[in-house]
Amino acid sequence: MNKISLLTLLVGAIAGLFGGALGQSGAELMLPALLILGIVPNFKTAVGTVLLAILPPISVLAVLEYYRRGQVKIWTSVLLFAAYFFTAFIGAYVTKTITNRTLEFITGIYFLIISSFFFWNSYTGIYGEKSVNSNKYFSHLLSK
């Protein structure tokens, strides 16, 4: 097995660990890793490669574990799947006229917005946490 294959397996394993734990496809980690490690030649190839990697049901075992704990909303998942399925083509289609550099900039802004939300929410605890504590900030971290 060559160095590129071993690096690719390592990236996939790390992405799988974070994906299963954080509810991500792993694309957020795989995309920059493929570029940084020189596994693919450019951004569009990284995107196509990652989309193919996440296409099969790679999260089945993780989903089964969350389902077993009662932490899956099936109808919500079906709606998300349907919306994503039909609009992902449009997203892929429009990239043929956009440069790699522009797509990388858009991706950076996208990740910045998403990371800002999670930093903010980890501080405020407004979304996703039902807290009985009256402390407005950090109450979700102090409970338990």
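The values are calculated or read from the model by the stated rules, or taken from the named source; none is laboratory data. This structure is a prediction, so every number in the text was calculated from the model and none was measured. Here the Cβ positions follow ideal geometry from the backbone for every residue, glycine too, while neighbour counts run over all protein chains shown.
Overview of results
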read-out	value
Selected residue (only one of I126, I114 is of a type outside the set (F, W, Y) and either part of a helix (DSSP H, G or I) or within 27 Å of L64 (Cβ to Cβ) (or both))	I114
Index of the failed condition, I4 passing every other in (1) assigned to a helix (DSSP H, G or I); (2) closer than 18 Å to F111 by Cβ	(2)
Pick from the range 99-135, criterion among the charged types (D, E, K, R) and surrounded by fewer than 12 Cβ atoms within 10 Å (Cβ to Cβ), ranking: modelled with the highest pLDDT	R101
In the range 63-80, the residues that are hydrophobic (A, V, I, L, M, F, W, C) and within 20 Å of G16 (Cβ to Cβ)	V63, L64, V72
Residue list for the range 89-116, filter: touching a residue at least 24 places away in the same chain (Cβ under 8 Å) and either aromatic (F, W, Y) or within 20 Å of S25 (Cβ to Cβ) (or both)	A92, T95, L103, E104, T107, F111
Meets criteria (among the aliphatic types (A, V, I, L, M) and either surrounded by 11 or more Cβ atoms within 10 Å (Cβ to Cβ) or under 29 Å from V40 (Cα atoms) (or both)) for V63	yes
The range 38-59 - residue that is among the aliphatic types (A, V, I, L, M) and exposed (fewer than 10 other Cβ atoms within 10 Å of the Cβ) and, of those, modelled with the lowest pLDDT	L55
The range 40-95: number of residues that are among the charged types (D, E, K, R) and outside any helix (DSSP H, G or I)	2
So V60, is it touching a Gly at 6+ places or on another chain (Cβ under 9 Å) and β-branched (V, I, T)	no
Within the range 7-39, considering residues that are assigned to a loop (DSSP other than H, G, I, E, B) and among the small types (G, A, S), the one farthest from F118 (Cα to Cα)	G38
The range 26-57, residues that are among the β-branched types (V, I, T), out of contact with any Gly (no Cβ under 9 Å at 6 or more places or on another chain) and in contact (Cβ under 8 Å) with a residue 12 or more places away in the chain	I39, V47, T49
Candidates A27, A83 - the one that is under 15 Å from the mean Cα position of the chain (by Cα) and either more than 24 Å from T107 (Cα to Cα) or surrounded by 10 or more Cβ atoms within 10 Å (Cβ to Cβ) (or both)	A27
